[in-house]
Every structure is written in C-alpha cells, then in structure tokens.
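Contents: one structure, followed by commentary.
Computed from the coordinates by the stated procedures, all read-outs in this text should not be read as laboratory data. The model shown is predicted, which means the values in this text are computed figures rather than measured ones. Virtual Cβ from ideal backbone geometry, glycine too; neighbours counted across all protein chains shown.
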C-alpha cells in the first residue's frame, strides 16, 4: 500500500482526519484553509460524518467543545485571525479536559494582516491567547506526508491526554500539492462504544451510580488549585513524551539553523548552497514547538559557533531557542515578515555574512 | 540532461495556467519523479494574474520555492515581463504568441513562441490553448513522456468533464501539426 496520490495540502489534511476516524468537522471559511472546509463539506457526509459550517469562529470552538464533551472525535480548522477568535474556547477546553484537534493554516499578521504564508502565530499557538494556566501541544510538520501522518495521529494524542492538540502549518503547505501516501482508514468510534472508550464522556448516566460532570468552572480556590495541579501533571507528561526534532549534521556544524515548517524546507536547500561555499551547517527542525525539543540543543558540540533561527516572523521561536541554548552559543535571527517567503539564495547570503563575524 | 525542472507557468486567471503546472506535477508523479506544485493564491481570478511553481525532479526536493527557473511558460505579456529575468542562461522560455506581440528581451535562452490560442481555435477548442502550450513544452523539452501527460489529463478531465478529454488530448498534439 504505497500508492502515492497528488493532493493539495488542505485536502490531504481533511482526508487524513477522515482516515483517522474523525467524523465531526466544524469550521468557518478563511484563506488559506478554505479547501479544507470545502473538502470536509463534500467528503465527511459521504462517510456518515457531520460537517458544520458555523456562523463564526467563536461558534466553531464552542460547537467542538460540545462534540468533544459528548465523546466525538472532532477537527476544527482556521487561519491566524480566526484562531485568535477561538482562544477563549481553547482555555475552556483545557480546563474541562476536552479533546479537540485544532489545525491552524497560518497566514501573516498582525490584525487581518494578509493571506500569504506566515509563521507569526508561534506565540499565539505556544503561549495561547486564552486565559489561565493551560497548555496545548503544537505540532509543526514540514512536508505534506508528515502533516498527513501528524493529523492522523493527533486524535489519539488528544484522547490520551484529554486535551486539545494543535497542528500549525503555514499557508504555503495548505496551498501546495505534493505526493502523499495516505494512511489506512480506521473505523470511527461507534456511538455505543463511547461510554467504554471515554468513560468521562457525557453520554447519559445509564446504570452508573453517579453522573459524569464536565465543567470549566471551579467553585472555590482549593478545587481550582487541585485541578490546575492535576492539569500540570498532565502537561509534565506531555513535556516528557511529546517533544520531537529532526537533527541534520549538527555535531560537526559551525552554524546550526533552527527552523520549522516551510522555513525548514528552504533551510535544507540553504545548507547545500553553504556547503559548496565551505560553511559547515546543521539543522534542528522542531516537529513540536510546545513542548519545545530542548534536548536537541544538548547535541551541539564545541565546533558550533552560532545558532540561527530562521522564521517567517519577526522572531518568536527564537525565545524558546535562547532558553534551550542557555547562553552556550550566540543566537541570531534570519527572517522575513508580511507573508514574504525568502529564497534559499537570500538566506544563504545573509548567513554567509553572519558567520564571518564569528569565525 | 536536466534532472530538476524548476518551472514557472504564468498568465491571466482563466487561461488555465494552474492546470498546466498541475499537469506537469501529475505527469511527473506518474513517472515516479519527485514533484511539488505551489499556486499563487489570493486576489487572482478571471482577468487577474495567476502563476504557479512546479518542480519535477529525479532527486528529493527540499524547498518548493525556487531561486531561478529553467523553464518559464508565459501566457500573457505581464507574465513574460515579470518572469523572463528568472530564467537560467541557456534554458527555456515558451510564450503564447497569440497574445504576446512583443519579443522577449533575453537573447541567451531557448525561446519558443507558440500560437496557442490560434491552434486551439483551429481545433474547435479555444479554451484548450493551455493544453496546446503544455504539449509544445513537453515535445520541445522532453521533460516528461507524452503518455504520462495523457494519463494526467485523464485525471483532470473525468466525471462531468470527461467529455472534454478527447479534445484536450488532441490539443496536446496540436503543436507541430
């Protein structure tokens, strides 16, 4: 079963969710993720699923909250400013421990910004805009295949931790076409199996002695602190179990790039260009940005002179890199904003100049 | 022997430029090559400008974004002006001479004026000018097999569009007839 199909990113993301057994999708159109909404409206009913085009992003997250509470595996998607509107609900879903899979096909901001690809939602996704102490894992795939595999696996992760899980890809990945091998279709969770698989879900009390209660409210400080501490035990497990990064040639590199998503793909070409110019480079490509793969930075050796974050933003991931590097190497930034994708030639030129000062 | 084709196809929205780029990607995949396709997106609609980047390679593709192209297909004048400078010396420029009445300024390229609209009209399929162009590109560059492009077309024209397939396959072979 290795038949490749050529699919547009947004459509492949939808197909991956359906094959993972997801039968609920809620969304509201926004570029550059519209094809996903369209795909789900067409394909999900064919699979006996439910497609809901909500009246707003605020409705999207709250409908998803309801679906999650009732034990359904639900995907929601949007792009940057739409995600901003959902963030109150993310905080509620974390407090109430409701699994939801969130896809952000990000564009460039701030504000309505523009529809071209951006990575300026790093803080939005990793720090959240919702209130309170909460965490949501953020996956950052760089190829169509990786995005498909990540979405396919994300429902299991959301259910395992009883927490929302997010996937951040930029508009370029949503819009581009690349061959993928689609994973095997899993059967959706049957309604009569929900009570057994998700004993916390609200499916009716039945013969149970007590009813399940799910709420995002705590009536007093003790109960709230207990709940927050409980959540943070869970976040600690996520920090131990989820961080992932792909390391390329870092041991021998004088210059180590850090980049995720589309930026990482361009950097891979930068490395080839710089090698021809006699510069030894490496790449740390985070596949998760929360939890951040701090351990990857302990692999850098004495040869490394500089760590360079390459971002399609004014520099957001660089904060996490600084924390992971802990002053062992200077950390610099190469970036473009506004939806402009730098070419590998442009980055190579800047990188070459940069390393000159540290040699 | 070019092992990585870095292609830009550009023109008015409605001229089917994205279809040309997508067919190159499809046919490349059918031949088991590595491919990526990125359309420009945004305010492009009928009458606006649209372009896409398709890479077809014998090697794994890291970046889908290109620094320069070895094949540019310009379906209108704006596209010719915009992308002519991006072509590597000695490489390919195809332009739609039915629409573009200005000569390219570069003289270090392999340049092919293709009267795509006229040839498509002669076939009685004026909307297939893009496929006439696609055929010309394939036959002049040999970047892909015509068979695989035909298979790609059959994936594009199916279902309610199935009746358009035979005309488009004719259009694929119109150049040089």
* Structure fact -> Length-normalised contact order of the stretch A:245-356, Cα under 8 Å, at least 6 apart, in percent, tallies to 31
* Structure fact -> Taking alpha-carbon centroids only, the stretch A:240-301 lies from the stretch A:37-82 a number of Å equal to 35
* Asked: Over all directions, what mean area does the Cα convex hull of the stretch A:1-128 project, stated in square nanometres?
  -> 8.3
* To do: Quick one: go through the stretch B:128-162 and flag any residue whose amide nitrogen is under 15 Å from the point 7 Å out along the Cα-to-Cβ line of residue B:2.
  => B:134-145
* chain A, relative contact order [Cα under 8 Å, separation at least 6], % -> 18
* **Taking the convex hull of Cα positions in the stretch B:70-158, its mean projected area over all directions (nm²)** => 6.0
* Structure fact -> Listed residues A:345, A:276, A:11; largest mean-square fluctuation, Gaussian network over chain A with Cα springs below 10 Å, found at A:276
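Compare the peptides B:26-33, A:79-86, A:169-176 by average per-residue count of other Cβ atoms within 10 angstrom and give them in order, highest first.
Going from most to least packed, we get A:169-176, A:79-86, B:26-33.
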* Asked: Out of A:97, A:311, A:191, any idea which swings most in a Gaussian network model of chain A, alpha carbons joined below 10 Å?
  -> A:191
* Cα centroid of the stretch A:94-113 to Cα centroid of the stretch B:43-92, whole Å -> 33
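Determine the calculated [θ] at 222 nm for chain B from helices alone, applying -39500 (n - 2.57) to every DSSP H run no shorter than 4 residues and normalising by the residue count; nearest 500 deg cm²/dmol.
When only DSSP H runs of four or more count, the value is -10000 deg cm²/dmol.
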* To do: List the residues of the stretch A:41-63 whose backbone N lies under 15 Å from a point placed 7 Å from the Cα of residue A:5 along the Cα-to-Cβ direction.
  => A:41-47
* Averaging sequence separations of C-alpha pairs under 8 Å and six or more residues apart, then dividing by the length of chain B, give the relative contact order as a whole percent. => 21
* **Globularity ratio of the stretch B:1-112, using Cα Rg and 2.2 N^0.38 Å** => 1.02
* Asked: Given springs between every Cα pair under 10 Å in a Gaussian network model of chain B, which of B:163, B:128, B:148 has the largest fluctuation?
  -> B:163
* Can you pull the mean other chain C-beta count within 10 Å for peptide B:54-62? -> 2
* Structure fact -> quick note, the stretch B:4-172, DSSP beta bridge pairs, % antiparallel (nearest 5) is 50
* To do: For the stretch A:245-356, restrict the atom set to alpha-carbon positions and state the Rg and Dmax in Å.
  => 12.5, 36
* To do: Quick one: grab the alpha carbon gyration tensor of the protein assembly as shown, order the square roots of its eigenvalues as a ≥ b ≥ c, and give me rounded if a/c is under 1.5, else prolate or oblate depending on whether a/b is larger than b/c.
  => oblate
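With each run of n ≥ 4 DSSP H residues scored as -39500 (n - 2.57), what mean residue ellipticity at 222 nm is computed for chain A after dividing by its residue count and rounding to the nearest 500 deg cm²/dmol?
So the calculated ellipticity at 222 nm is -12000 deg cm²/dmol.
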* How big is the antiparallel share of DSSP beta bridges in the stretch A:245-356, given as a percent to the nearest 5? -> 25
* Rounded to the nearest 5, what is the percent of antiparallel bridges among the DSSP beta bridges in the protein assembly as shown? -> 40
